[in-house]
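Following: one structure in structure tokens, then a few remarks.
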Amino acid sequence: MSATEREASEPRETPRPDKAQLAEYFRQMLAIRRMEEALAKAYALRKFGGFLHLYIGQEAVAVGALAALKPDDYVIATYREHAHAYAKGMSSKAIIAELFGKETGCSKGLGGSMHLFDASKNFLGGYGIVGGHIPLAAGTAFASKYRGDGRVTLCFFGDGSVPQGAFHEGVALAALWRLPVVFICENNLYSMGTPLYRSLSVADVSQKALAYGIARDRFDGEDVVRVRERVSEAVRRARNESLPTLIEIRTYRFRGHSMSDAGLYRTKEEVEEWKKRDPVSYGRELLVRAKMDEKDIVAIEDKVQAEIEEAVKFADESPELAYEKLAEFTYKE
């Protein structure tokens, strides 16, 4: 079997994470979950407006995938990007304050939920145009190859991006120019409220890779360790061989597409069945299997709760950007 036909059953061996790494993965996933829950509550209280797309249920994908990177690697994501930003090293304070429209946010409160950005972390943004960021990821990877900096670009998108022309353009150029990029389709089975069978003629998104002659992988995303191991294989390929990979990770969002979506197109039974595969609960189970003391796990949970409560308080008390400063971040002399 050639490299371009590599299937999900053939990743190279990756060292299993130790107890400290498992604890860090659990901490990140739980912090993302608590942050998202806090944001949902704040949105319901009208502390901020606009759109809010929650990541609850998909935490293992962002945390596991970014665990495969080096700090100076690049990440580009969709408008459901709070988790990716946090896993890339952005603080919960900077993220929540940004959504609250405060000056202490990562973009001075001028970007909001769908446009988190931090150049110092090489987190190059969430993007509101479906699929529009995929060619940008190819461009970032091209820059890395041109400079010879050894960096890899991870590009996240949903299944709703796959039928877009921008998906074809980005992946086709990455394949043609042999770019160090990993394209990750977070397939949560619904494009807004449209089920997969009504939006894609081929349910296996990873098969698209065959048309471009690049490697592919496909697996379920509730296990953070599995995600890290499988994405690590693609990252190695990008870094060492300058070859792109298309990965499809099957996952599920427990909430609606956005806060305005009641999710009535899904049955309660379906949602409850997927909740049995909750990645945060499974991350805790991994710590129990690793024989971490219950008091130490509870300490992580308490610390996370305190972090998010402090971040919400910080955002509440932060000032909005002064009107006279707007031009400073809009125009350049």
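The values are calculated or read from the model by the stated rules, or taken from the named source; none is laboratory data. Predicted, not measured: the structure shown is a model, and the values here were computed from it. Please note: Cβ atoms are built from the backbone with ideal geometry, for glycine as well, and neighbour counts cover all protein chains shown.
A few points about this structure:
- Candidates in the range 149-167 are the residues that are among the polar types (S, T, N, Q) and buried (at least 21 other Cβ atoms within 10 Å of the Cβ); of these, the one that is farthest from residue 208 (Cα to Cα) is 153.
- When 173, 200 are checked against the criterion of being more than 30 Å from residue 265 (Cβ to Cβ) and not in a strand (DSSP E or B), 173 stands alone in meeting it.
- Exclusive hit being touching a residue at least 60 places away in the same chain (Cβ under 8 Å), more than 22 Å from residue 120 (Cα to Cα) and basic (Lys, Arg), set 41, 47: 47
- Inspection of the range 283-295 identifies at least one residue that is in a helix (DSSP H, G or I), in contact with a Leu (Cβ under 7 Å, 6 or more places away or on another chain) and at pLDDT 95 or above.
- On inspection, residue 97 does not qualify as modelled with pLDDT of 95 or more and either surrounded by fewer than 20 Cβ atoms within 10 Å (Cβ to Cβ) or within 30 Å of residue 143 (Cα to Cα) (or both).
- Wholly enclosed helices (runs of 4 or more DSSP H) of the range 45-154 bearing at least 3 residues over 25 Å from residue 219 (Cα atoms) and touching a helix residue (DSSP H, G or I) at 6+ places or on another chain (Cβ under 7 Å): 92-99
- Yes/no for residue 194 being surrounded by 24 or more Cβ atoms within 10 Å (Cβ to Cβ) and hydroxyl-bearing (Ser, Thr, Tyr): no
- Matching residues in the range 186-230 - criterion: being closer than 25 Å to residue 150 by Cβ and either modelled with pLDDT under 95 or under 18 Å from the mean Cα position of the chain (by Cα) (or both): 217, 227, 228, 229, 230
- All conditions in (1) out of contact with any Leu (no Cβ under 8 Å at 6 or more places or on another chain); (2) touching a residue at least 24 places away in the same chain (Cβ under 8 Å); (3) aromatic (Phe, Trp, Tyr) hold for residue 197, with the sole exception of (2).
For (1) touching a residue at least 40 places away in the same chain (Cβ under 8 Å); (2) of a type in the set (A, V, I, L, M); (3) farther than 22 Å from residue 60 by Cβ, each residue gets a yes or a no:
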position: 206; (1), (2), (3): yes, no, no
position: 234; (1), (2), (3): yes, yes, no
position: 238; (1), (2), (3): yes, yes, no
position: 250; (1), (2), (3): yes, no, no
position: 261; (1), (2), (3): yes, no, yes
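- Taken over the range 238-269, the criterion of being within 17 Å of the chain's Cα centre (by Cα), over 14 Å from residue 80 (Cα atoms) and not hydroxyl-bearing (Ser, Thr, Tyr) is satisfied by 246, 247, 248, 249, 250.
- Single residue of 233, 270 found to be on the phi < 0 side of the Ramachandran plot, at pLDDT below 95 and in a helix (DSSP H, G or I): 270
- Of all residues making up the range 298-333, the number that are within 30 Å of residue 287 (Cα to Cα), of a type in the set (Gly, Ala, Ser) and surrounded by 14 or more Cβ atoms within 10 Å (Cβ to Cβ): 1
- Qualifying residue in the range 100-123 (condition: closer than 23 Å to residue 251 by Cβ, of a type in the set (A, V, I, L, M, F, W, C), out of contact with any strand residue (DSSP E or B) (no Cβ under 7 Å at 6 or more places or on another chain) and crowded, with 18+ Cβ neighbours inside 10 Å): no
- Index of the failed condition, residue 111 passing every other in (1) at pLDDT below 95; (2) within 17 Å of the chain's Cα centre (by Cα): (2)
- Consider the range 24-58 and keep the residues that are more than 21 Å from residue 188 (Cβ to Cβ) and of a type in the set (A, V, I, L, M, F, W, C). The one that is surrounded by the fewest Cβ atoms within 10 Å (Cβ to Cβ) is 45.
- Selection within the range 1-23 - in a helix (DSSP H, G or I), exposed (fewer than 15 other Cβ atoms within 10 Å of the Cβ) and modelled with pLDDT of 65 or more: 19, 20
- Any hit, the range 243-260, residues being exposed (fewer than 11 other Cβ atoms within 10 Å of the Cβ), on the phi < 0 side of the Ramachandran plot and not in a helix (DSSP H, G or I): yes
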